[in-house]
Amino acid sequence: VFYVATSPFVCGEDLNATSATKCTYLEAAITPGTTPSAWTPDTRAQWGCYGTDVMTPVQRTASLEIGTGKANTKIITNKNCTGTDGSPSAASIAKTYNGGGKTDWFLPSRKELDALCNEFFKGRTGSKQSQYNCMGSGDNRPVTGISGSTSWSLASGAHWSSSEVVAFVAWFQFFSIGAQSDAYKTDSFYVSPVRAF
């Protein structure tokens, strides 16, 4: 668990539902998935749908917030986004991850990704180029640890969010300095599945 909300936030695939789901926690994937998941902590992918408006302007604005990653992921995967070479999109890789026996993983929104960066790289010496909280690692070393008997590693490079900018570009975060920026959807960045509950 890398994020605990002070009060429950709206989450889930349908943020407009009358009885919207509420969540308090965000959890990060740290171990490789099992078949059919092909995700490992080193997995990189294109965002997908290069040249296609996946979200409406209203959805794009909302897509940055805590609690929107699962809805964003549904929008992207419903468009059957793939890389320019036909490879799976970052969102579809995150959605098919099944670590911990759970099947509700998704690609995090921009603010969810910043919360992940902030928690895993806290205490580091980056220059806080994030619009939110993450300082970044200050170098290119991954952050590593042990949870129970499971060793894990999180790369300090560029990670995709599920937040779209325009048809050709989406938001990502560079964990070494905490910076968030936009990049072409054809770039190959790390995929970090998360789940909300």
Of the conditions (1) within 23 Å of V4 (Cα to Cα); (2) open to solvent by 10 Å² or more (accessible area, probe 1.4 Å); (3) outside any loop (DSSP other than H, G, I, E, B); (4) not aromatic (F, W, Y), T103 fails just one. Which one is it? (3)
Inside the stretch 29-60, can you point out the residues that are open to solvent by 50 Å² or more (accessible area, probe 1.4 Å) and not in a loop (DSSP other than H, G, I, E, B)? R44, P57, V58, Q59
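Within the stretch 158-181, is even one residue charged (D, E, K, R) and modelled with pLDDT under 95? Walk me through it before giving the result.
At the first step, the residues of the stretch 158-181 found to be charged (D, E, K, R) are 164.
Add one more test, that the residue is modelled with pLDDT under 95, and what stays is none.
There is no residue in the stretch 158-181 that is charged (D, E, K, R) and modelled with pLDDT under 95.
Can we say Y184 is open to solvent by 50 Å² or more (accessible area, probe 1.4 Å) and touching a residue at least 24 places away in the same chain (Cβ under 8 Å)?
Numbers: open to solvent by 50 Å² or more (accessible area, probe 1.4 Å): yes; touching a residue at least 24 places away in the same chain (Cβ under 8 Å): yes.
Against the criterion (open to solvent by 50 Å² or more (accessible area, probe 1.4 Å) and touching a residue at least 24 places away in the same chain (Cβ under 8 Å)), Y184 qualifies.
The values are calculated or read from the model by the stated rules, or taken from the named source; none is laboratory data. Values in this document were obtained by computation on a predicted structure and should not be read as measured data. Cβ atoms come from the backbone with ideal geometry, glycine included; neighbour counts cover every protein chain shown. Just the protein is used for accessible areas: all its heavy atoms, side chains included, with ligands, DNA and RNA removed. Shrake-Rupley method; radii C 1.70, N 1.55, O 1.52, S 1.80 Å.
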